[in-house]
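Just below is one structure, and these are the notes that go with it.
Only the coordinates and a few stated rules stand behind these numbers; no lab work does. In this text the structure is predicted, and so the values were computed from the model without any measurement. Virtual Cβ from ideal backbone geometry, glycine too; neighbours counted across all protein chains shown.
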Amino acid sequence: MSERDLMHYEIEPGIVIKTENAAKPESQSSTFLKLLLADLPHVSSSVDFGCGKLRYCDAILEKTDSLAVVDSEIQLSREQILNGTKSTIRDIIDRSNRIRIFNDVEFANLHEYFDRAFCINVLSAIPVIARRRQVMEVIRSHLRPKGACLYAVEYRNSDFNRMRSMPNARPWEDGFLIDSLRGFSFYGLIPPDYLVSMAKRAGFSICDMRCNEGSVYVWAHRA
Ligand SMILES: C[S@@+](CC[C@H](N)C(=O)[O-])C[C@H]1O[C@@H](n2cnc3c(N)ncnc32)[C@H](O)[C@@H]1O
């Protein structure tokens with residue numbers, strides 16, 4: 001498997017989950033999360049881990065001097081429709097002098113520490129439990145001693161109920177797989193208490209948890 005394919009999770013022979021396809025555009029962002037972001041105190045440095053299509057990038061940037069965005073190389077360098085125009089995440093970030101871009105391997109090797117991290121709807125897109133833990137550990141290892149990460153996952157909505165009862169759906173780990181013309185998709189359903197215990201196991205201490213419309217938001221401090 002090449003470096004470009006690391007976020008293609010082969011969970012069984014022939015069943016590959018391409019997590020870059022799970023990212024949603026800014027037009028589908030959460031009002032609750034945007035209000036939560038708008039309420040944060042300003043910090044010096046932040047990282048958006050699993051930035052996807054940069055859905056929350058502008059809102060995060062409002063509250064930080066500098067921002068690092070991290071995702072798989074394939075997500076960062078493939079051409080896709082972003083804000084209505086065909087482009088790449090790398091091209092968009094090149095135009096900013098406050099944002100830097102790292103693929104997951106570059107970030108893991110980066111010797112730099114951040115005040116704040118965001119990991120929004122990333123863990124629930126990963127179908128391999130051990131890889132979720134690695135993600136939490138790599139984020140924690142890049143936080144300053146008083147740094148914190150906001151973990152968010154959507155664990156309940158009416159679409160999930162409909163999709164998981166479709167004939168092309170089947171259970172996988174804590175969620176379900178859908179087999180469609182575009183290939184396999186995975187939706188992990190991580191309940192609030194499980195997200196909290198995952199963060200604790202990765203070495204974080206929990207300072208706040210909020211639930212809204214089937215999503216959970218956990219602030220986890222580098223303990
Ligand atoms: C559902 S999308 C969420 C994107 C964005 N955070 C948002 O809320 O719009 C999940 C993202 O996580 C990325 N991803 C999956 N596994 C990852 C990993 N191990 N390291 C970094 N990014 C990862 C995928 O490429 C994808 O862009």
(request) Tell me which of these Val128 doesn't satisfy, since it passes every other one: (1) surrounded by fewer than 19 Cβ atoms within 10 Å (Cβ to Cβ); (2) away from the ligand (no atom under 11 Å from the Cβ). (result) (2)
(message) If Ile139 satisfies all but one of (1) outside any strand (DSSP E or B); (2) within 11 Å of the ligand (Cβ to nearest atom); (3) more than 28 Å from His221 (Cβ to Cβ), what's the number of the condition it fails?
(response) (3)
(message) Regarding the range 38-55, can at least one residue be identified that is more than 8 Å from the ligand (Cβ to nearest atom), of a type in the set (Asp, Glu), farther than 16 Å from Arg100 by Cβ and not in a loop (DSSP other than H, G, I, E, B)?
(response) no
(request) Check every one of the strands (runs of 3 or more DSSP E) wholly within the range 57-120 and list those with 3 or more residues that are surrounded by fewer than 20 Cβ atoms within 10 Å (Cβ to Cβ). (result) 80-82, 85-87
(message) Looking only at the range 104-140, how many residues end up being in contact with a Gly (Cβ under 8 Å, 6 or more places away or on another chain) and of a type in the set (Val, Ile, Thr)?
(response) 4
(request) Within the range 22-37, work out how many residues are surrounded by fewer than 16 Cβ atoms within 10 Å (Cβ to Cβ), within 9 Å of the ligand (Cβ to nearest atom) and among the polar types (S, T, N, Q). (result) 1
